[in-house]
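Worksheet: one structure, shown below.
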Amino acid sequence: MLLNFSIFLLSLAILGAMFLPFLRGRPRWRAMITPLASIIGSGFLILGPILEVQFGAWAPVAMAVLCLAGWLFGAAVRTNIAAEETPDTALVARIEQVAQLALAFAYVISVAYYLNLFGAFAVSLTPWDGDLTARIVTTVMLGVVAVAGFSGGFHALENMEYATVALKLAIIGGLLLGLAVFFGGKAVDHALIFDPSRMGPWDALRLIFGLIVTVQGFETARYLGKSYDAPTRIDAMRWAQMLATAIYMIYITLLAFLFTPDAHNLNETAIIDMMRVVAPILPGMLVAAALAAQFSAAVADTGGAGGLISEFTRGKIAPKHAYPVLIATGVALTWSTDIFVIISYASRAFAAYYTLQAVLAALQSKGLKSGAFWALAVVGLAMTLLGIPAEGS
């Protein structure tokens, strides 16, 4: 009872602090919110159980590799932000156009990813929990997003972003407190679990490739140019990635040694069953965080995809005319495959975009730095071609 109260109190304190004027009014903090919201959005809910089941005690190492990959690709994007004032060559301009199209495609898949998680969490604590009802909810929400976009209702929905990020960070703070207390009790009782990885090195690397979408989102800082200058966006991305990395590493390190990996029960809402053991208050809080985070992320990515397609076609296709096609793709993915395959598809799509960003950074750099970005582009290409999905129940 005391732990439940402490978790709730800490979450409430973090939520209140997020709305303090001196913090909310800072331009760098406001700029940081968009990439931070994307990085620790859906990935936080599903990544823990995947890494715990597939990697066992090696889960923190896998998380560190994912965060390092995100940081390196972020460095490429930051280099490209810094080079925005430099006149583009014809080659750079063409690659940038292709990169934007790749990002639009990645957003299309990520919308299906976000709203499939929304559907799964929406029914997870109800008597109707199951794949069919989750997919029905997902399809309905895809329709809501399509209607909102076509009718011009995105602006009001996008204003929810700060509130959803505040709620998400508050609940994550409570979750980490619960895990820390539970971890401490297990450690005192010498009951921590040290399981080996279920995968060989090659398959483990390919699975990490297929999970890059869970740490993506930092690239959104590049497209805030209408609101913030380049130095602010670069700093915002850097700090968002550092904070997200700290949160992820603490979370995975605590989680990895608390439960016996159970591949038969690995699904998109596995974190709910895990947290029931930690503290009874956590499942409901996590569902609330999931619903808010997934819907706002889906709205943001649908809007982003529509805008990028309109820009790529030089206005020939208006964003609102792209939305129904984007949502139809999401419906097709929802009913033809499972969340783990969608995650893998989304990871490959984002890896393709990051490959192009690394190529752009290489073309706009010199010497060893250019060589490093070319090497990073090769890694991105490998992620695009070789990433595999986790095996769910």
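Observations on the model:
- Modelled FRET efficiency - R0 35 Å, LEU68 with MET1, Cβ distances, 0.05 increments: 0.30
- Pair-distance distribution P(r) for the range 258-313, from all Cα-Cα distances in 5 Å bins starting at 0: 4, 16, 17, 15, 13, 11, 9, 8, 5, 3, 0 percent.
- Sites THR126 and LEU12 - FRET efficiency at Förster radius 41 Å, r taken between beta-carbons, to 0.05: 0.95
- Segment ALA180..LEU243, full-extension length gain: 20.9 nm, with 0.36 nm per residue of separation and the alpha-carbon distance subtracted.
- Residue-count net charge about ALA346 - beta-carbon cut-off 14 Å; Lys, Arg +1, Asp, Glu -1: -3
- Once the Cα-Cα distance is subtracted from the 0.36 nm per residue extended length, the VAL341 to LYS316 segment shows a gain of 5.7 nm.
- For the listed peptides 213-222, 314-323, a ranking on the average number of other beta carbons within 10 Å per residue, highest first, reads 213-222, 314-323.
- Surrounding net charge for PHE373, when Lys and Arg each add one and Asp and Glu each subtract one, Cβ distance under 12 Å: +3
- Cα-based values for the chain, radius of gyration first and Dmax second, are 20.3, 65 Å.
- Three-way shape label, the range 180-286, alpha-carbon gyration tensor, a/c 1.5: prolate
- Global geometry of the range 303-342, whether rounded, prolate or oblate, following the gyration tensor of its Cα atoms and the 1.5 cut on a/c: prolate
- Local electrostatic count at GLY387 - Lys and Arg +1, Asp and Glu -1, tallied over other residues with Cβ under 10 Å: +2
- GluC sites (Glu not before Pro) within the range 3-111: DSSP coil, no more than 14 neighbouring Cβ in 10 Å: GLU84, GLU85
- P(r) weight above 24 Å for the range 267-384, C-alpha pairs, percent: 52 percent
- About its Cα centre, the range 258-393 has a charge dipole of approximately 680 debye under the convention of +1 per Lys or Arg Cβ and -1 per Asp or Glu Cβ, with nothing else charged.
- Label-point separation in nm, THR253 to THR89, each point 7 Å along Cα→Cβ: 4.4 nm
- Full-stretch length increase - ALA191, GLU391 - with 0.36 nm per residue and alpha-carbon distance subtracted: 69.3 nm
- Computed [θ] at 222 nm, helices only, for the chain once each DSSP H run of length n ≥ 4 contributes -39500 (n - 2.57): -25500 deg cm²/dmol
- Relative counts (whole %) of C-alpha pair distances in the range 11-143, using bins that are 5 Å wide: 2, 7, 9, 14, 15, 17, 17, 10, 6, 2, 1, 0
Here, each number is a calculation from the coordinates, and none is a lab measurement. This structure is a prediction, so every number in the text was calculated from the model and none was measured. Ideal geometry is used to build each Cβ from the backbone, glycine not excepted, and the neighbour counts take in all protein chains shown.
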